[in-house]
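Enquirer: This is the structure I want to talk about, given as structure tokens.
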Amino acid sequence: MATTASSRAAQGAASPADSAGRPTEFDAGPAGTTVSPAAATAPGERSPFARTAELLAPYQPGQPLIPLSLGEPQHPPPAFVGEILSRHINEFRRYPMARGIEPFRHAAANWLSRRFALPRAIDPETEILVLNGSREGLFYAAIAAARYVTPRKGTPAILMPNPFYPAYGAGARAANCETVLLPATRAGGFLPDLDSLDEATLARTVAIYLASPANPQGAVASRNYFSRLIALARRHGFLVFADECYSEIYTQSAPGSALECAGDDFANVVAFQSLSKRSNLPGLRVGFVAGDRNFLAAFHELRNVAAPQVPVPLQHVGAAAYDDEAHVEENRRLYRAKFDLADEILGRRYGYVRPAGGFCIWLDVSACGGDEAATVKLYREAGVRVIPGSYLSRPQADGLNPGAGYIRLALVADTETTAEALHRLVKTLG
């Protein structure tokens with residue numbers, strides 16, 4: 001039986017910042033109590049980065065600080081970015097179209113066909129929309145889905161893995177839907193157990209979020225997993241929101257896409273992509289969503305009046321980025337080198353296993369006093385800043401928090417800094 005709980009997520013009055021003053025993600029709130037989805041923000045509904053900052057505020061780093069808490073890519077951006085922006089500088093005078101400029105939509109559609117074994121090519125006119133980064137798309141998609149699906153049998157619900165990306169919870173609350181938290185634990189390969197979903201829950205589901213590769217654990221869904229999930233979505237009339245923003249960060253096998261398993265019409269399935277991780281352009285705020293044309297038509301109508309649009313010069317950069325794979329392979333090479341270091345330095349400590357995708361490491365520190373204690377110890381003694389796993393997830397109705405006892409490290413720094421941080425970690429935690 002699925003574990004259900006209300007999750008109340010919102011941005012709040014101001015965006016929190018990490019220790020370097022950079023804006024951070026907002027967080028979804030506590031789960032495990034029965035609260036109206038439209039309830040006001042609760043005290044625990046806060047950014048995991050703000051919570052970590054408060055946890056560490058009484059202390060000073062014991063060594064020069066190495067922040068591994070924020071998943072902000074630090075590799076160089078593609079060399080062509082500046083030249084393209086300069087060439088299109090006058091187009092900042094144009095209001096962007098919500099659908100996106102034709103060169104960007106065609107470049108993104110062509111990239112999807114080259115990268116994935118799709119049942120057919122994506123139609124750039126009807127099956128793709130530009131996004132102001134994947135995060136805003138993931139948020140607004142929940143609102144569009146709640147309006148799009150047929151009436152649900154019971155309280156409308158949105159399903160999401162636990163731990164989860166905070167935008168999922170924020171979208172569910174904004175859509176006035178109850179959240180259903182699906183524990184993503186080691187026992188289940190860090191993916192939600194589809195067999196745990198009962199008919200009553202599925203009948204009231206509006207959408208399910210699934211990140212593959214997963215953040216923070218790096219798990220990748222198989223074709224069989226995607227196919228089973230899509231079959232459930234079609235039988236019960238809900239949408240699959242496939243968050244694939246980490247799909248290009250891998251060190252062994254290339255992850256697949258939910259679109260590969262969605263059939264000729266891509267019905268009930270949309271995939272979200274971003275240039276933040278793939279091309280080291282988190283500040284560009286360019287991504288896209290592709291798939292089910294009927295849902296995307298409704299999604300476009302909402303975004304056309306409510307969502308932030310993408311400046312035209314940035315879309316030209318995005319088009320060039322999707323047309324080039326050389327910088328992406330170099331990016332993977334750099335991550336591969338850092339995971340080679342993690343294999344060597346961490347070994348099998350803390351349950352470490354090289355993730356199938358993404359650039360995060362999910363370490364079990366339950367034997368080191370728990371995730372908060374380990375986070376404080378690493379900061380005070382080693383100057384290494386990480387995120388407690390319990391801050392990235394929420395307690396289930398049974399009181400268990402799937403992230404408790406873990407810490408997340410984002411291997412976004414350079415190779416030398418990463419090696420130093422990992423050596424400090426092992427020396428400090430033992």
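Enquirer: Go through (1) farther than 27 Å from ALA109 by Cβ; (2) open to solvent by 10 Å² or more (accessible area, probe 1.4 Å) for ASN280 and report which single condition fails.
Expert: Every condition holds for ASN280 apart from (1).
Enquirer: Go through the residues of segment 311-324 one by one and say whether even a single one is touching a helix residue (DSSP H, G or I) at 6+ places or on another chain (Cβ under 9 Å) and not in a helix (DSSP H, G or I).
Expert: Yes, segment 311-324 has at least one match.
Enquirer: Just wondering, is there one or more residues in segment 346-366 that are aromatic (Phe, Trp, Tyr), at pLDDT 95 or above, closer than 21 Å to ALA141 by Cβ and assigned to a helix (DSSP H, G or I)?
Expert: no
Enquirer: Among the residues of segment 168-188, is there at least one that is in a strand (DSSP E or B), open to solvent by less than 10 Å² (accessible area, probe 1.4 Å), hydrophobic (A, V, I, L, M, F, W, C) and under 21 Å from ASP292 (Cβ atoms)?
Expert: The answer is no; no qualifying residue exists.
Enquirer: On to the next question. May I ask you to list the residues in segment 367-420 that are on the phi > 0 side of the Ramachandran plot and touching a residue at least 40 places away in the same chain (Cβ under 8 Å)?
Expert: Of everything in segment 367-420, those that are on the phi > 0 side of the Ramachandran plot and touching a residue at least 40 places away in the same chain (Cβ under 8 Å) turn out to be GLY383, GLY399, GLY405.
Enquirer: Further question on the same structure: If HIS423 satisfies every condition in (1) over 22 Å from the mean Cα position of the chain (by Cα); (2) open to solvent by 50 Å² or more (accessible area, probe 1.4 Å); (3) free of Cβ contacts under 8 Å to residues at least 24 places away in the same chain but one, which is the exception?
Expert: (3)
Enquirer: From THR33, THR52, which residue is at pLDDT 95 or above and closer than 21 Å to LEU392 by Cα?
Expert: Result: THR52 is the single residue among THR33, THR52 that is at pLDDT 95 or above and closer than 21 Å to LEU392 by Cα.
Enquirer: Taking the options SER212, SER227, name whichever one is touching a Cys at 6+ places or on another chain (Cβ under 7 Å) and either over 24 Å from ARG135 (Cα atoms) or among the hydroxyl-bearing types (Ser, Thr, Tyr) (or both).
Expert: Just a single option satisfies the conditions, and that option is SER227.
Enquirer: Now for a separate question. For segment 214-230, state whether one or more residues are open to solvent by 40 Å² or more (accessible area, probe 1.4 Å) and either under 27 Å from SER366 (Cβ atoms) or in contact (Cβ under 8 Å) with a residue 60 or more places away in the chain (or both).
Expert: Checked against the condition, which is being open to solvent by 40 Å² or more (accessible area, probe 1.4 Å) and either under 27 Å from SER366 (Cβ atoms) or in contact (Cβ under 8 Å) with a residue 60 or more places away in the chain (or both), segment 214-230 yields at least one hit.
Rundown of residues vs (1) at pLDDT 95 or above; (2) buried (at least 16 other Cβ atoms within 10 Å of the Cβ); (3) touching a His at 6+ places or on another chain (Cβ under 6 Å), yes/no style:
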position	(1), (2), (3)
THR24	no, yes, no
ALA28	no, yes, no
ILE84	yes, yes, yes
ILE89	yes, no, no
ARG94	no, no, no
ALA108	yes, yes, no
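Enquirer: Let me ask you something else. Within segment 276-291, does at least one residue satisfy the condition of being among the basic types (Lys, Arg) and over 20 Å from the mean Cα position of the chain (by Cα)?
Expert: Taking every residue of segment 276-291 in turn, none turns out to be among the basic types (Lys, Arg) and over 20 Å from the mean Cα position of the chain (by Cα).
Enquirer: Within segment 292-309, can one find any residue that is basic (Lys, Arg), farther than 24 Å from GLY71 by Cα and open to solvent by 10 Å² or more (accessible area, probe 1.4 Å)?
Expert: Scanning segment 292-309, I find at least one residue that is basic (Lys, Arg), farther than 24 Å from GLY71 by Cα and open to solvent by 10 Å² or more (accessible area, probe 1.4 Å), so the answer is yes.
Enquirer: Another question, if that's okay. ALA262 fails exactly one of the following numbered conditions: (1) of a type outside the set (Phe, Trp, Tyr); (2) within 20 Å of the chain's Cα centre (by Cα); (3) under 24 Å from MET160 (Cα atoms). What is the number of that condition?
Expert: Result: ALA262 fails condition (2) only.
Enquirer: Looking only at segment 195-213, filter to residues that are open to solvent by 10 Å² or more (accessible area, probe 1.4 Å) and of a type in the set (A, V, I, L, M); which one of those is nearest to ALA145 (Cα to Cα)?
Expert: ALA203
Enquirer: Considering every residue within segment 372-390, establish whether at least one is in a loop (DSSP other than H, G, I, E, B), under 24 Å from GLN60 (Cα atoms) and over 24 Å from the mean Cα position of the chain (by Cα).
Expert: yes
Enquirer: Quick one: would you say VAL376 is under 23 Å from THR417 (Cα atoms), of a type in the set (A, V, I, L, M) and either buried (at least 24 other Cβ atoms within 10 Å of the Cβ) or modelled with pLDDT under 95 (or both)?
Expert: no
The values are calculated or read from the model by the stated rules, or taken from the named source; none is laboratory data. Everything quoted here is computed from the prediction, not taken from an experiment. With ideal geometry, Cβ positions are generated from the backbone for all residues, glycine too; neighbour counts draw on all protein chains shown. Note: accessible area is taken over every heavy atom of the protein model, side chains too, but ligands, DNA and RNA are not part of it. Shrake-Rupley method; radii C 1.70, N 1.55, O 1.52, S 1.80 Å.
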